[in-house]
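The structure appears below as structure tokens.
The values are calculated or read from the model by the stated rules, or taken from the named source; none is laboratory data. Quantities reported herein were computed from a predicted structural model and do not represent experimental measurements. Quick reminder, even Gly has a Cβ in these numbers, built from the backbone with ideal geometry, and neighbours come from all protein chains shown. The accessibility values were calculated without ligands, DNA or RNA, using every heavy atom of the protein model including side chains. Shrake-Rupley method; radii C 1.70, N 1.55, O 1.52, S 1.80 Å.
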Amino acid sequence: MLRHFPFSHFNTRSLLVTALPLSASLSSPNTVRSMSSSSSTATMHSPPVAKKVEHKMEMFGDVRVDNYYWLRDDSRTNPEVLSYLQQENAYTDSVMSGTKQFEDQLFKEIRGRIKEDDISAPYRKGPYYYYTRNLEGKEYVQHCRRLIPNYNTTPFSVHDTMPTGPDDPPEHVILDENVKAQEHRFYSIQAFKDSPNHKLVAYAEDTKGDEIYSVHVIDAETGAPVGKPLTSVTSHVEWANDDTLVYITMDEILRPDKVWLHKLGTDQSSDICLYHEKDDTFSIGLQKSKSQKFLFVGSESKITSFIFFIDASKPEDGLKVLTPRVVGIDNWASHRGNHFFIIRRSEEFFNSELVACPVDDVSVTTVLIPHRERIKIQDTHLFANHLAVYERENGLPKVTVYRLPAVDEPLTSLEDGRAIDFIDPVYTVDPAGSEFNSSILRFSYSSLRTPNSVYDYDMNTGTSVVKKIETVLGGFDASEYFTERKWAPASDGTQVPMSIVYRKNLVNLDGSDPLLLYGYGSYEVCIDPWFKASRLSILDRGFIFAIAHIRGGGEMGRQWYENGKCLKKKNTFTDFIACAEYLIEQRYCSKEKLCIEGRSAGGLLMGSVLNMRPDLFKVAFAGVPFVDALTTMLDPTIPLTTSEWEEWGDPRNEEFYHYMKSYSPVDNVKAQNYPHILVTAGLHDPRVLYSEPAKFVAKLRETKTDSNILLLKCEFGAGHSSKSGRFEKLQEQAFVYAFILKALDMIPELSSSL
Ligand SMILES: *[C@@H]1O[C@H](CO)[C@@H](O)[C@H](O)[C@H]1NC(C)=O
């Protein structure tokens with residue numbers, strides 16, 4: 001669900017929103033309202049008190065004392081640290097024990113919206129339909145395929161459906177994650193790639209949550225392993241030809257830095273290193289062209305990127321330069337016929353332009369789509385005869401489709417494009433798998449009220465057909481919900497977009513409704529309004545849900561990002577506060593009912609706005625929050641520090657040091673009243689060390705002057721993206737909602753327990 005530049009996802013403190021289960025959703029609201037809740041009295045432990053060990057950090061004559069620095073243990077084995085985290089978890093359990101029964105019922109309600117046995121929209125690739133299958137009661141998916149009878153002579157059509165009759169080719173389960181996951185507390189597959197001849201599959205597996213993968217190759221028919229797994233690698237792996245893989249490894253700070261060539265059947269130790277990126281502000285990514293002819297290797301920092309290409313049929317020839325390394329210019333490439341297509345961004349052309357160059361002379365570029373001040377080019381999808389361009393305008397995603405001249409004709413300009421229309425006022429659209437040789441563009445679509453849908457769009461006729469829409473059980477009716485865009489004026493006059501949803505007959509819009517405001521605002525990530533069936537559990541209890549598309553994100557184009565990073569980072573926080581104030585002023589809610597949520601870099605947002613305006617909010621949820629920004633960014637031995645100096649600033653520079661110190665949440669906890677706060681951490685999280693949230697909570701406990709609830713929940717079997725199973729994730733969601741409802745005193749029959 002992350003929408004941004006192709007490589008960025010492996011290298012940010014981003015909220016790894018996992019692909020939504022194909023089926024999510026709901027039990028009948030009747031069950032919900034009639035359920036009884038327990039008011040069993042819990043033994044209220046007093047909150048754990050973290051030991052204080054003075055740790056002085058001096059920089060530019062400024063001394064900071066961090067009494068909880070000892071909570072950081074990179075080996076994650078220090079018994080004293082683990083015991084402290086366990087005490088925090090026990091305290092959380094005890095505070096939440098009175099609502100445990102309610103939480104369990106909420107979990108059942110959320111789980112009850114899911115059609116548990118379901119398949120994804122099958123996509124056609126070569127002679128097969130590929131898809132994943134969910135089974136009733138199972139946490140993970142099966143990766144499946146079915147042969148297409150007469151695939152050579154069957155043209156692509158938006159009306160295609162996978163034949164599943166008794167006489168059709170049977171389903172073949174290539175890999176069942178449920179079987180693989182049995183021995184692990186955490187299990188995640190991030191790449192699942194069939195070989196060009198479809199005989200083998202390579203997949204990248206993480207069994208801890210630390211994002212250090214092993215890549216396995218199996219026979220797609222028998223499941224038998226082919227050779228030994230590649231170990232300690234990233235999830236970036238692509239097939240060059242039928243017996244060669246290209247993959248990426250990382251250095252000791254988990255920075256993807258080397259590209260390797262692996263011949264099947266040989267030992268990993270004899271693999272050839274094709275490229276080593278020595279600059280520690282850069283990270284490497286890998287992608288195969290849709291034409292299947294080239295592999296692109298990109299090296300990117302937050303402001304610069306450059307590309308190499310590899311001929312997939314001759315990978316041993318190595319890398320060739322496609323775009324040179326020029327500071328401040330970034331590039332992304334695709335291929336068709338005799339041309340590479342490049343999305344190129346520079347300081348001057350900040351919203352990117354699209355250019356093409358001949359494969360045999362990459363220095364000659366032709367501009368196909370010039371730079372536009374108001375429209376940002378996000379991504380392109382190339383086909384044999386078409387080009388689909390994913391863009392953004394005025395805070396909304398757009399897709400424009402162009403017909404291309406025949407492959408052997410010169411490519412000098414584009415004809416007028418055709419824009420695809422979408423049904424909601426605010427929505428999300430993302431590219432999905434399409435076959436290069438077809439005229440069918442597949443994309444996924446959802447909004448705050450429209451469940452996740454997969455569309456096939458015929459680029460010749462403009463017809464689109466829904467191939468799959470997430471089933472939401474329990475009587476869900478999208479027309480009962482209202483979604484809209486609003487704009488809040490920021491302190492400097494900038495208009496900040498928001499996306500809002502609520503259930504029409506359940507809100508008063510007089511300031512009395514509870515509201516959950518979500519924010520992120522970093523890395524140019526666009527938090528477009530997406531559907532989440534579990535969210536219905538709060539909407540159906542009368543909540544309004546809103547997303548603040550604050551600066552630092554990419555919703556309004558590149559400058560929106562530039563204006564919310566480095567020495568302008570505080571715009572991210574003040575924009576969020578402006579959105580909150582607007583919602584109160586417009587009577588969407590009041591301070592007494594305003595809840596806020598952010599994860600990861602959005603957790604930094606939570607920490608900052610809590611320190612700045614604790615009076616404005618009633619409840620806050622900060623998931624895996626990046627709250628120790630200054631101390632972390634001063635330490636290049638922590639993953640992501642070096643690659644993010646261009647995002648937050650390098651605090652070894654005095655100006656940045658003081659600026660970052662002025663907002664870094666752990667450094668700004670004050671003796672003041674704070675709202676109810678829930679903080680989560682993942683012990684194996686490589687992106688935000690568990691110690692950041694732990695230190696934030698310890699310092700808040702010591703300093704704050706209120707008696708509101710403050711909880712830390714640290715998952716021992718998880719990393720940055722919570723637990724790995726689909727129901728386990730819903731259980732976490734139920735816990736968060738139970739916390740919010742408890743803090744708002746909205747849990748039936750439990751009103752006295754706070
Ligand atoms: C597209 O079709 C051409 C001509 O039939 C073929 O050579 C090429 O391999 C196909 N490309 C893909 C990605 O299937």
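General remarks:
- Scanning the range 125-163 for residues that are within 16 Å of the ligand (Cβ to nearest atom) and of a type in the set (G, A, S) yields a single hit, G126.
- Of the strands (runs of 3 or more DSSP E) that lie entirely inside the range 398-487, those containing 2 or more residues that are small (G, A, S) and more than 16 Å from the ligand (Cβ to nearest atom) span 440-446.
- Whichever residue in the range 311-339 is in contact (Cβ under 8 Å) with a residue 24 or more places away in the chain and within 16 Å of the ligand (Cβ to nearest atom) and, among such residues, is surrounded by the fewest Cβ atoms within 10 Å (Cβ to Cβ): S313
- Looking across the range 707-738, the residues that are over 23 Å from G137 (Cα atoms) and open to solvent by 30 Å² or more (accessible area, probe 1.4 Å) come down to S707, N708, K713, F716.
- Scanning the range 344-364 for residues that are open to solvent by less than 60 Å² (accessible area, probe 1.4 Å), without any contact (Cβ under 8 Å) to a residue 60 or more places away in the chain and away from the ligand (no atom under 16 Å from the Cβ) returns S346, E353, L354, V355, A356, C357, P358, V362.
- Qualifying residue in the range 169-190 (condition: of a type in the set (F, W, Y), assigned to a loop (DSSP other than H, G, I, E, B) and within 30 Å of Y457 (Cβ to Cβ)): no
- Filter result for V389 (open to solvent by less than 10 Å² (accessible area, probe 1.4 Å) and assigned to a loop (DSSP other than H, G, I, E, B)): no
- When A694 is tested against (1) in contact with a helix residue (DSSP H, G or I) (Cβ under 7 Å, 6 or more places away or on another chain); (2) of a type in the set (G, A, S); (3) free of Cβ contacts under 8 Å to residues at least 60 places away in the same chain, just one condition goes unmet, and that condition is (3).
- So E732, is it farther than 22 Å from Y674 by Cβ and outside the structural domain of S94 (by TED's automatic domain parsing): no
- Test result for D408, without any contact (Cβ under 8 Å) to a residue 40 or more places away in the chain, within 23 Å of F294 (Cα to Cα) and surrounded by fewer than 18 Cβ atoms within 10 Å (Cβ to Cβ): no
- Screening S512 against (1) among the hydroxyl-bearing types (S, T, Y); (2) assigned to a helix (DSSP H, G or I); (3) open to solvent by 20 Å² or more (accessible area, probe 1.4 Å) leaves a single unmet condition, (2).
- Matching residues in the range 666-698 - criterion: being aromatic (F, W, Y) and closer than 10 Å to D628 by Cβ: F696
- Filtered residues of the range 264-299 (kept if open to solvent by less than 60 Å² (accessible area, probe 1.4 Å), part of a loop (DSSP other than H, G, I, E, B) and within 16 Å of the ligand (Cβ to nearest atom)): S289, S291
- Tallying residues that are in a strand (DSSP E or B) and crowded, with 18+ Cβ neighbours inside 10 Å within the range 193-217 yields 12.
Yes/no matrix, rows are residues, columns are (1) of a type in the set (V, I, T); (2) under 30 Å from S434 (Cα atoms); (3) surrounded by fewer than 22 Cβ atoms within 10 Å (Cβ to Cβ):
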position: L448; (1), (2), (3): no, yes, no
position: N452; (1), (2), (3): no, yes, no
position: N460; (1), (2), (3): no, yes, yes
position: A478; (1), (2), (3): no, yes, yes
position: W487; (1), (2), (3): no, no, yes
position: A490; (1), (2), (3): no, no, yes
position: T494; (1), (2), (3): yes, no, yes
